[in-house]
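**Student:** Before I ask anything, let me first share the structure, which is written out below as structure tokens.
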Amino acid sequence: RAADALPPVMAIAIYEEFKELTPAGSRGDTMIQKLADRLVGVDLLDQAAALLEGQIKFRLQGVERARVGARLALIHLMARKPKDAERVIRATEAAGLAPELAQQRLHLLVQAMSAQNRHGEALALLEPDESLEGELLRSEIYWSMSNWVDAAQALQRVVRDSGARRGVALTRKQARYLLNLATAMTLSGNERGLARIRNNYGPAMAQTEFAQ
């Protein structure tokens, strides 16, 4: 489409001038969200956030409002505005969300709280979450607290849940998880743990970009 070829700055200028002509319903909503995505792609985060703020205030309801609220919260986190991310997640709560969306929104809220140094509240929200993504978030929070013992324990679960196995080639993600685990164990002084992962995964790690 011709509109897709417009530079993002020009596209947002045209939208602002003629936004009263935006189609009603899902067609208009999709157009606004695509424009927001283009703005994010060129790091115009405030402008993208303003577009989605308008959607959740004036155009959307229920599950779709919660979905776009999650996208907006992510943009706020990218812009290092965790308070705004938390505000949006709380303001767009809705019943009947799909489990995947509900989990995504929970993780965004946890990240927003942790970015405000409310680590205890963030960990409490994560307490029942045993997913790989939940364990990764947990490890990141402990890491930011310099709590290397608990970070290492969480990362051990991440390595396990990622499917890493002794004697099997590692994916890039698995190798990165193992590198982080070895770092946390080093910082916590866990020599026995280091020897164990060196024995279990050393040969496979030697074949990755993180060998050194």
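Listed here are the residues, each with its yes/no results for (1) over 16 Å from the mean Cα position of the chain (by Cα); (2) more than 24 Å from GLY189 (Cα to Cα).
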residue	(1), (2)
PRO82	no, yes
VAL88	no, yes
THR92	yes, yes
LEU106	no, yes
ALA115	no, yes
GLU121	yes, yes
ALA124	yes, yes
ALA151	yes, no
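**Student:** Do we have any residue at all in segment 27-48 that's small (Gly, Ala, Ser), surrounded by fewer than 17 Cβ atoms within 10 Å (Cβ to Cβ), modelled with pLDDT under 80 and assigned to a helix (DSSP H, G or I)?
**Tutor:** yes
**Student:** Still on this structure, please answer the following. Could you list, in sequence order, all residues of segment 159-197 that are farther than 22 Å from GLU135 by Cα and of a type in the set (Lys, Arg)?
**Tutor:** ARG192
**Student:** Against the condition open to solvent by 40 Å² or more (accessible area, probe 1.4 Å), over 23 Å from ILE197 (Cα atoms) and small (Gly, Ala, Ser), how does ALA70 come out, does it pass?
**Tutor:** Criteria not met by ALA70.
**Student:** When you check ARG71 against the structure, is it of a type in the set (D, E, K, R) and not in a helix (DSSP H, G or I), yes or no?
**Tutor:** no
**Student:** A further question on this structure: Just to be sure, is GLY202 part of a loop (DSSP other than H, G, I, E, B), open to solvent by less than 50 Å² (accessible area, probe 1.4 Å), farther than 20 Å from LEU126 by Cβ and without any contact (Cβ under 8 Å) to a residue 12 or more places away in the chain?
**Tutor:** In short, no.
**Student:** Can you pull out the residues in segment 49-67 that are over 17 Å from LYS81 (Cβ atoms) and open to solvent by less than 10 Å² (accessible area, probe 1.4 Å)?
**Tutor:** Answer for segment 49-67, where residues must be over 17 Å from LYS81 (Cβ atoms) and open to solvent by less than 10 Å² (accessible area, probe 1.4 Å): GLN55, LEU60, ALA66.
**Student:** Quickly run through segment 184-199 and pick out the residues that are of a type in the set (S, T, N, Q) and either assigned to a helix (DSSP H, G or I) or closer than 13 Å to TYR142 by Cα (or both).
**Tutor:** THR186, SER188, ASN199
**Student:** Okay, moving on. Cβ contacts < 6 Å: first residue within 19 Å of LEU109 (Cβ to Cβ), restricted to segment 128-151; second residue in a helix (DSSP H, G or I) and open to solvent by 70 Å² or more (accessible area, probe 1.4 Å), any location; separation 6+ or different chain. Result?
**Tutor:** GLU135/ARG157
The values are calculated or read from the model by the stated rules, or taken from the named source; none is laboratory data. Every value quoted in this text rests on a predicted model; they were computed, and no experiment measured them. All Cβ positions, glycine included, derive from the backbone under ideal geometry; neighbour counts span all protein chains shown. Heads up: the accessible areas ignore ligands, DNA and RNA and are worked out on the full protein's heavy atoms, side chains in. Shrake-Rupley method; radii C 1.70, N 1.55, O 1.52, S 1.80 Å.
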